[in-house]
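Quick note: the coordinates plus some simple rules give every number you see, no bench work behind them. Since the structure is predicted, the reported quantities are computational estimates derived from the model, not experimental observations. Positions of Cβ are backbone-derived with ideal geometry, glycine not excepted, and every protein chain shown enters the neighbour counts.
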Amino acid sequence: MLVLTRQVNEIIMIGDNIEITVVAVKGDKVKIGIKAPTSIGVYRKEVYDAIREENIRAAAAPKESMLDALLKLKVPIKKDDKKKKKDSDAKV
Amino acid sequence: MKINTTRFQLIEVDDKDVYAFPEGLLGFDQEKQFVILNNPKGGPFMWLQSCATPSLAFIVADPMGFRPDYNVQIKEDEVKAIGLANPESAFVMVILTVLGDTINDITANLMGPLVFNPDKMLAKQLVLTGTDYGTKHPVFSETSQNPV
């Protein structure tokens, strides 16, 4: 890993269009500013990891019995015409 | 477009029904194209099938069915990323994790919702910060399981 020493307000460039600025340092906390193209996701690693891990868990093939159980999940009620029809059908 | 899938065998979908995920999903950044398929037995959930990987299909659902107060704030750069001209036209789905043996094991990832722009067929997984939403929200809470 590349390790650079920077002072407050100094900037690190990554490639041509990502800028990392050290905004403030207070005790063991560092405030960092990040300028990056919108196409590049910028996340706290723990949040990124949590979602990534859950995606991987969710990608596992489910048991058919569990899918049948899931059919009991409530369908949201919407103003959508198709759904409305379904709801009124259910009442009849 | 013909899509080879493990669950649904070879299916044919209209090219205009394919959603592009320019960034993929977190952990699946090479997966850029998905289609939303209805569950063959019907029901409140759907499948988000990868166009590239036959075995990759996520179970997705409208979060309003089990979390009516769920609220997703789409940030400006995310609006741009999926070319959203009118926020009203977007819709949100969440990925369900269907593991384990009882319905109480079924959870929804409310922290990483998927937002779709059907006008441009662009979609993106959001990363919500500053909310209480977690990645393992039980789908069958006591209230949704036993509606009064």
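Under 5 Å from the amide H of B:Ala108 lie the amide H atoms of B:Thr97, B:His137, B:Val139, each residue being 5 or more positions distant or on a separate chain, with H modelled from the backbone and absent for Pro and chain starts. For B:Lys41, the aspartates and glutamates whose Cα falls under 14 Å of its own Cα, not counting residues fewer than eight places away in the same chain, are A:Glu64, A:Asp68.
Viscosity 1.567 mPa s, temperature 4 °C: what is the translational diffusion coefficient of chain B from Stokes-Einstein with a Kirkwood Rh over Cα pairs, rounded to a whole number of µm²/s?
Numbers: Rh = 16.1 Å.
Roughly 81 µm²/s, to the nearest whole number.
Largest mean-square fluctuation among B:Pro40, B:Pro22, B:Pro54, in a Gaussian network model of chain B whose springs join Cα atoms under 10 Å apart, belongs to B:Pro40. When chain B is treated as a Gaussian network with alpha carbon springs shorter than 10 Å, the biggest mean-square fluctuation among B:Val92, B:Val127, B:Val115 belongs to B:Val127.
Pairs of alpha-carbon atoms within less than 8 angstrom and 6+ residues apart define the contacts here; what relative contact order does chain B have, in percent?
On the way: 275 pairs, mean separation 28.2, N = 148.
Worked out over chain B, it gives 19 percent.
Pairs from the table (B:Lys2/B:Lys124; A:Lys72/B:Lys16; A:Lys45/B:Lys124) lying more than 21 angstrom apart at Cα are B:Lys2/B:Lys124; A:Lys72/B:Lys16. About its Cα centre, the dipole of chain B is roughly 220 debye, where the only charges are +1 on Lys and Arg Cβ and -1 on Asp and Glu Cβ.
For the listed residue pairs A:Lys29/B:Lys80; B:Lys32/B:Lys120; A:Lys31/B:Lys80, the alpha carbons are over 23 angstrom apart in A:Lys29/B:Lys80; A:Lys31/B:Lys80.
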